[in-house]
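Asker: Let me give you the structure first, and then I'll get to my questions.
The values are calculated or read from the model by the stated rules, or taken from the named source; none is laboratory data. These figures come from a predicted structure and were not determined experimentally. Glycine also receives a Cβ, built like all others from the backbone with ideal geometry; neighbour counts cover every protein chain displayed.
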Amino acid sequence: MIDFTFTEEQEMFRKAAREFAETKVADKVPEMEETEKASDEVVKALGEAEMMALTIPEEYGGLGLGYTARLIALEEISKVSVATGMMLQIFALGIEPIIQFGSEEQKKKYLPALAKGELLASVAVTEATGGSDPTGIRTSYRKEGNDYILNGRKCFITNSHIADTITVLAKDEENPKAFNAFIVEKGMEGFKPTREEHKLGMRGCNTGELAFENCRIPSENLLGVEGKGMRVALAAIGDVGRGGMVGCALGLHAACLEASVKFANERILYGKPISNLQTIQNKLADMKIDLEAGRLLGYRATSMQDKGMRSSNEFAVAKYFTTEAAQKAAKMAVDIHGGYGCMEEYAVSRYLRDSFVLGPSAGTSDIMKVIIARWVLS
Amino acid sequence: MLKIVVCVKAVPDPKEAHKIKIDPATKILTRSDVPFVLNLVDKNAMEAALQLKEQLDAHITILSMGPPPADNIVKECLALGADQGFLLSDRAFGGADAYATAYTLAKGIEKIGPYDVVLCGMASSDGSTEWVGPEMATFLKIPVVTRVNEIVEYDGEWWKVKAGLENGYRLVRVKLPAVFTVTRDLNTPRSLTFSGIIKARKKEITQWGIDELAVPEESAGQKGSPTIISNLATIDSKRTVEIITGTREEKAEQLVQKLADTGLI
Ligand SMILES: Cc1cc2nc3c(=O)[nH]c(=O)nc-3n(C[C@H](O)[C@H](O)[C@H](O)COP(=O)(O)OP(=O)(O)OC[C@H]3O[C@@H](n4cnc5c(N)ncnc54)[C@H](O)[C@@H]3O)c2cc1C
């Protein structure tokens, strides 16, 4: 029998995450929007609230709660600030290769400090020559003694300027079919974050470029098997990366619906709240239907993931559906607000901008369809 | 070891208060689909207990009377850091007023065993009588201090607390065991944490009914409640709009006059 209900404990996780978002994140949103920077206080609070520890196994100082609990947390945080949800989502994506492929030494060295929130993580795959096609990347490595020498540039990297450890994918200088994933630490010689992006939405999360110029990386920092780095990166992106975007999308979608219901009940036209108008009700119902469907897709995928089942195809469906649905919901929310929806005083204007940034990360909707079609045809 | 009992109540979520309706015939609140949450000021009582536990060797017991779903809020207190929980739940406890509630809670406290301090919120957001604390103390035959907003001295048998009055405060020295009802000014309650929730997995909630408590049926629930509610009504708060016209000066003058007429200024 399939059980579609959350456990009492999961409901309590939701409550904890909601309280955290409402008390520690909400009042920092205007500042993040204004400065277009991640808030140090929010990053610190995320650590203190154990949000970085969720997916890290207990033996390495984490909570070992798995991916359903993580989705619950991301959903609640993103409802208040998608930018913060995004920062946390990429954090978990960045450390997943260490959890899945790291050596015992690497796990002991990094995971406890990451779990405490003392270190912030990220992942760097995308480059100007390779986003949807990660094999097109040009960042390269060559072996020199016991070290690797890394050269190249990465773009659109979340937490680029604030991360302490970054999982970086690079290509063998001599063999275009061989890739390695490395743990790069802030301050390593030859590595520096360069340009900071100004984004349409999710302004409160830091996105930027990284440059590697003869950056020397000790071989202890190689993740997984030499030459098999593409698998390391794609395994993490396939479920943790897509699952994280589902959390961001669901949170934003729920926020759009909540704001719309509130406005529709308060806005009086023709002597009555506009929530009495059938056209408005239709929009609200559409938003609710997609939210319910998206939740089912998302939590189905995480429950499979928690059971150790292969779930990347299910995540592709959930990621496609929820990010597209959140965009539609944001548009409807702005529409319901009339002229007010175009004003920055109303959160829905931010939701609309944020919703357009949900798409590309962890693979565009087109790429999700490519994956889903491959699944169907296989 | 300081043995603390914190009494907490599950109340309808104030955020969904608009869904609560009054049955015109029975004068009973219908709160069917409104979820239960921990009464707001009980969180301050809980926080006080946790702060005491951080500074002294203390053990925290949670006690609540309510329907079975109220075990949620007991669990929440365990996740916040309490050590054990008791839920007094029985059909016979239903419809209790402050008096019957205080009596049942007092029976629960006696059954739990020796205690030094009983903490509870000043009032519940749904009943708001402020009686349960003092009545419980009366049944337990121990002193009570109501509306505590600071625990000044707490090392030893005699405690000193600051308690609110309408136009000032009282400094009260009281010998334990005692009941304290607390206000929201006492502290800032902490939030739930994921690790606290995990730790609560191992903590137990014991449920007691009327038989376990050995409360006579005529003293429990509605039967044991002397309170008679003569009327209960929803306040209608309609807004009206009036447009004032004229020059700027005339409008200002009229506005001031109207505010003065209503007694607002
Ligand atoms: C806010 C934000 C944060 C990000 N954070 C990170 C990060 O932390 N780390 C990281 O490595 N990357 C990050 N990215 C990059 C993201 O992963 C890429 O943007 C994404 O993979 C798409 O790559 P691209 O931008 O190069 O687009 P392109 O790959 O150039 O795509 C251009 C267009 O072509 C379409 N297209 C491409 N291939 C196909 C195909 N086979 N079939 C049909 N259509 C196709 C795409 O859907 C798109 O419409 C982030 C992006 C954003 C916007």
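Asker: Could you count how many residues in the range A:1-28 are hydrophobic (A, V, I, L, M, F, W, C) and in contact with a Lys or Arg (Cβ under 8 Å, 6 or more places away or on another chain)?
Answerer: Qualifying residue count for the region: 3.
Asker: Also: If you take the residues in the range A:362-378 that are aliphatic (A, V, I, L, M) and at pLDDT 95 or above, which one is surrounded by the most Cβ atoms within 10 Å (Cβ to Cβ)?
Answerer: A:368
Asker: Is it the case that residue A:171 is modelled with pLDDT of 95 or more, surrounded by 14 or more Cβ atoms within 10 Å (Cβ to Cβ), within 9 Å of the ligand (Cβ to nearest atom) and basic (Lys, Arg)?
Answerer: Considered against the rule, which asks whether it is modelled with pLDDT of 95 or more, surrounded by 14 or more Cβ atoms within 10 Å (Cβ to Cβ), within 9 Å of the ligand (Cβ to nearest atom) and basic (Lys, Arg), residue A:171 comes out as no.
Asker: If you don't mind, there's one more thing I want to ask. Filter the range B:206-231 down to the residues that are touching a residue at least 12 places away in the same chain (Cβ under 8 Å) and of a type in the set (Gly, Ala, Ser), then identify the one that is surrounded by the most Cβ atoms within 10 Å (Cβ to Cβ).
Answerer: Among residues in the range B:206-231 that are touching a residue at least 12 places away in the same chain (Cβ under 8 Å) and of a type in the set (Gly, Ala, Ser), the one surrounded by the most Cβ atoms within 10 Å (Cβ to Cβ) is B:220.
Asker: Another question about this same structure. Answer yes if at least one residue in the range B:240-252 is surrounded by 12 or more Cβ atoms within 10 Å (Cβ to Cβ) and out of contact with any Lys or Arg (no Cβ under 7 Å at 6 or more places or on another chain), and no otherwise.
Answerer: Looking through the range B:240-252, at least one residue is surrounded by 12 or more Cβ atoms within 10 Å (Cβ to Cβ) and out of contact with any Lys or Arg (no Cβ under 7 Å at 6 or more places or on another chain).
Asker: Which numbered condition trips up residue B:188, out of (1) away from chain A (no Cβ under 14 Å); (2) in contact (Cβ under 8 Å) with a residue 60 or more places away in the chain; (3) among the polar types (S, T, N, Q); (4) surrounded by fewer than 15 Cβ atoms within 10 Å (Cβ to Cβ)?
Answerer: So residue B:188 meets the others, but not (1).
Asker: Also: Checking residue A:298 against (1) in contact (Cβ under 8 Å) with a residue 40 or more places away in the chain; (2) surrounded by fewer than 18 Cβ atoms within 10 Å (Cβ to Cβ); (3) closer than 23 Å to residue A:78 by Cβ, which test does it fail?
Answerer: (2)
Asker: If a residue has to be within 11 Å of the ligand (Cβ to nearest atom) and free of Cβ contacts under 8 Å to residues at least 24 places away in the same chain to count, how many in the range A:105-162 make the cut?
Answerer: Here the count works out to 4.
Asker: Filtering the range A:81-101 down to residues that are in contact (Cβ under 8 Å) with a residue 60 or more places away in the chain and surrounded by fewer than 24 Cβ atoms within 10 Å (Cβ to Cβ), which residue is nearest to residue A:168 (Cα to Cα)?
Answerer: A:101
Asker: Here is a list: A:22, A:48. Which entry is within 12 Å of chain B (Cβ to nearest Cβ) and touching a helix residue (DSSP H, G or I) at 6+ places or on another chain (Cβ under 7 Å)?
Answerer: A:22
Asker: Just to be sure, is residue A:303 away from chain B (no Cβ under 14 Å), within 19 Å of the chain's Cα centre (by Cα) and more than 16 Å from the ligand (Cβ to nearest atom)?
Answerer: Yes, satisfied.
Asker: Residue under question is residue A:96, and the condition is that it be within 13 Å of the ligand (Cβ to nearest atom) and either among the charged types (D, E, K, R) or within 14 Å of another protein chain (Cβ to nearest Cβ) (or both); does it hold?
Answerer: Yes; evaluated as a whole, the condition is true for this residue.
Asker: I'd like the full set of residues that are more than 16 Å from the ligand (Cβ to nearest atom) and either surrounded by fewer than 21 Cβ atoms within 10 Å (Cβ to Cβ) or of a type in the set (Gly, Ala, Ser) (or both), limited to the range A:338-361.
Answerer: Within the range A:338-361, A:338, A:339, A:340, A:341, A:342, A:343, A:344, A:345, A:346, A:347, A:349 qualify.
Asker: For the structure I just gave you, tell me whether residue A:59 is surrounded by fewer than 24 Cβ atoms within 10 Å (Cβ to Cβ), more than 16 Å from the ligand (Cβ to nearest atom) and among the acidic types (Asp, Glu).
Answerer: yes
Here's the yes/no breakdown for (1) surrounded by fewer than 17 Cβ atoms within 10 Å (Cβ to Cβ); (2) within 15 Å of the ligand (Cβ to nearest atom); (3) over 15 Å from residue A:354 (Cβ atoms); (4) not charged (D, E, K, R):
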residue	(1), (2), (3), (4)
A:220	yes, no, yes, no
A:229	no, yes, yes, yes
A:252	no, yes, no, yes
A:256	no, no, no, yes
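Asker: Say whether the condition of being within 14 Å of another protein chain (Cβ to nearest Cβ) and surrounded by fewer than 16 Cβ atoms within 10 Å (Cβ to Cβ) is met by at least one residue in the range B:67-86.
Answerer: Within the range B:67-86, one or more residues are within 14 Å of another protein chain (Cβ to nearest Cβ) and surrounded by fewer than 16 Cβ atoms within 10 Å (Cβ to Cβ).
Asker: Only residues that are on the phi > 0 side of the Ramachandran plot and out of contact with any helix residue (DSSP H, G or I) (no Cβ under 8 Å at 6 or more places or on another chain): list them for the range A:89-148, please.
Answerer: The one that is on the phi > 0 side of the Ramachandran plot and out of contact with any helix residue (DSSP H, G or I) (no Cβ under 8 Å at 6 or more places or on another chain): A:145.
Asker: Would you tally the residues in the range A:181-222 being outside any strand (DSSP E or B) and in contact (Cβ under 8 Å) with a residue 40 or more places away in the chain?
Answerer: Within the range A:181-222, residues that are outside any strand (DSSP E or B) and in contact (Cβ under 8 Å) with a residue 40 or more places away in the chain number 14.
Asker: Would you confirm, using the coordinates I've provided, whether residue A:177 is more than 16 Å from the ligand (Cβ to nearest atom), away from chain B (no Cβ under 14 Å), over 30 Å from residue A:350 (Cβ atoms) and of a type in the set (D, E, K, R)?
Answerer: Judged against the criteria, residue A:177 is a match.
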